[in-house]
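What follows is one structure encoded as structure tokens, with my remarks underneath.
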Amino acid sequence: MSDNHAWVMGLHAVKSALQQAEGAEELLVDSKRRDGRIKEIVGLAETAGIPCHRIPGKVLDQRVHMENHQGVALRVRQRQTQDEPYLRALLKRLEEPPFLLILDGVQDPHNLGACLRSADGAGVDAVVAPRDRSVSLTPTVRKVASGAAETVPFIQVSNLARTLKWLKGEGVWLIGTAGEATQTLYETDLCGALAIVMGGEGKGLRRLTREQCDLLVKLPMAGNVESLNVSVASGIALYEAVRQRGSF
């Protein structure tokens, strides 16, 4: 597999990717799988004119390096991780106020994949993360994202604090999340040019990231658990912004 291609694996992820069709090049199916879900996926591939090959399960294992493929894998031209110039160009061409998700050091590929999926559903313009100490677009990320890794720009920057400072200069309101904040998410205006800033697993927002935020807010917690998983918290915050902005 070249650097320009990746495998999308798993029934749901492959179906979502085929429904978009863009960048899909080849579908591999375990020859023993003949159930309804596989037939639906094969039908989508045929409709889109994408070659479909039925091969033994062991051969499929070898092609995708033993990943958990659920009997189906789709080869796609992968969307590359973008950088600072891409972010600047993106903001210039947007016709609506920007809506961004900033992830400060998310390292678990399952969390990043889930964040990308929520970002896609909420209509986020891009997800931004630091290049260091953060997971990139791995096959696991793409699988969990269920096609969102191919639709939502994922931008990794060399200096997150500097990028946040630049965004503020562009008029983007930076709302960070922290458990010790006094104001809740639901008391906060999330309309206009906005970036929701989420901390990574464990330590949350780093000091320099906190300092760049215009406001820190918290998600109210009624039970004994102190915080939510970053992907869950991101989904809640994004959809509260969607509700306020009347995006749908």
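The values are calculated or read from the model by the stated rules, or taken from the named source; none is laboratory data. On a predicted model such as this, the values are computed, not experimentally measured, just so you know. Because the Cβ atoms are built from the backbone with ideal geometry, glycine has one as well, and the counts that use them run over all protein chains shown. Accessible surface is based on the protein model in full, side chains and every heavy atom, while ligands, DNA and RNA are left aside. Shrake-Rupley method; radii C 1.70, N 1.55, O 1.52, S 1.80 Å.
Computed on the Cα atoms alone, the convex hull of the range 1-144 gives a volume of 124 cubic angstrom per residue. Between 118, 231, 19, the Cα set farthest toward the positive side of the dipole of the chain (charges on each charged residue's Cβ, about the Cα centre) is that of 19. Accessible surface computed residue by residue for the range 77-184, with neighbouring protein chains in place and a 1.4 Å probe, gives 42 Å² per residue.
Based on the reciprocal of the average 1/r between different C-alpha atoms, the Kirkwood radius for the range 182-248 equals 12.9 Å. Surface composition of the chain: carbon plus sulfur atoms contribute 48% of the solvent-accessible area (1.4 Å probe, protein chains only, all chains present).
Legend: residue pairs 32/58; 92/218; 92/165; 15/92; 15/39; 39/143, Cα-Cα distance threshold 22 Å; pairs beyond threshold, 92/218; 15/92.
Per residue, the convex hull spanned by the Cα atoms of the chain measures out at 147 cubic angstrom. With Cα atoms defining each centre, the range 74-114 and the range 204-236 are spaced 20 Å apart in the structure. A 1.4 Å probe run over the range 191-248, with the rest of the protein chains in place, finds 55 Å² accessible per residue. The Rg/Rh ratio of the range 125-173, with both radii computed over alpha carbons and Rh defined as the Kirkwood radius, is 1.04. Based on C-alpha pairs under 8 angstrom that are at least 6 apart in sequence, the range 80-149 has a relative contact order of 38 percent. In loop segments of the range 140-231 as defined by DSSP, the GluC sites (Glu not before Pro) with at most 14 further C-beta atoms inside 10 Å of their C-beta are 170, 180, 201, 226.
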